[in-house]
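Input: a single structure, listed below in structure tokens.
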Amino acid sequence: MTKGRLLVAAVAAFTLGVLVTLLVRSPGDRATSTGEGPASGPSSASAHSSTSPTTAASGENPVRAENAAGSGSRIETTASSYFGRPFETIQIGGRYLGVHSPRRLHVELRQRQGWTQFPLPTVTEPSGRFRAYVELGLGVYRLRLVDRDQHRASRVVTVLVF
């Protein structure tokens, strides 16, 4: 086997291993394990993230994931996992159920010190539909979408950049 084919096989095996690990973990494990520090930090569209954690990490302005049925409005993403290449724009779509006017949502990245907010918000359509965009370096990341005004957050999604 040539060196090029061997490298492609190794990368494919590694990627498959990461995917299997992500799928086998329990939901609690997924929410607490992180990509711990992207190589170049998160970016959204053309701006870079703030480097300090949001107040959700300090407990001053807590948000809650809407996992319970019948709890009113909730933020849902179209998938629980997203994939992309380094610094490629990755679209995270979804819907804010139970709202009937535009709302501002922020993408947050889970890091060791807590949740770090991307600088540019995503605005929902009046129907609640939204599209958030992220650009990340190589790694596995945990993200969520947050409505700071209503103290609501989506479930944590995994973004694998390889």
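The values are calculated or read from the model by the stated rules, or taken from the named source; none is laboratory data. Keep in mind the model is a prediction, meaning the values are calculated, not measured. A quick note on method: Cβ atoms are made from the backbone with ideal geometry, for glycine too, and the neighbour counts reach across all protein chains shown.
Here is how the numbers come out for the structure above:
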{"quantity": "Members of the range 103-115 that are out of contact with any helix residue (DSSP H, G or I) (no Cβ under 6 Å at 6 or more places or on another chain) and either at pLDDT 95 or above or surrounded by 21 or more Cβ atoms within 10 Å (Cβ to Cβ) (or both)", "calculated": "Arg103, Arg104, Leu105, His106, Val107, Glu108, Leu109, Arg110, Gln111"}
{"quantity": "Subset tally (residues that are more than 15 Å from Ala153 (Cα to Cα), surrounded by 11 or more Cβ atoms within 10 Å (Cβ to Cβ) and at pLDDT below 50) for the range 48-101", "calculated": "6"}
{"quantity": "Subset of the range 117-162 [aromatic (Phe, Trp, Tyr) and free of Cβ contacts under 8 Å to residues at least 60 places away in the same chain]", "calculated": "Phe130"}
{"quantity": "Complete set of residues in the range 116-131 that are of a type outside the set (Ser, Thr, Tyr) and either surrounded by fewer than 21 Cβ atoms within 10 Å (Cβ to Cβ) or more than 11 Å from the chain's Cα centre (by Cα) (or both)", "calculated": "Pro119, Leu120, Pro121, Val123, Glu125, Pro126, Gly128, Arg129, Phe130, Arg131"}
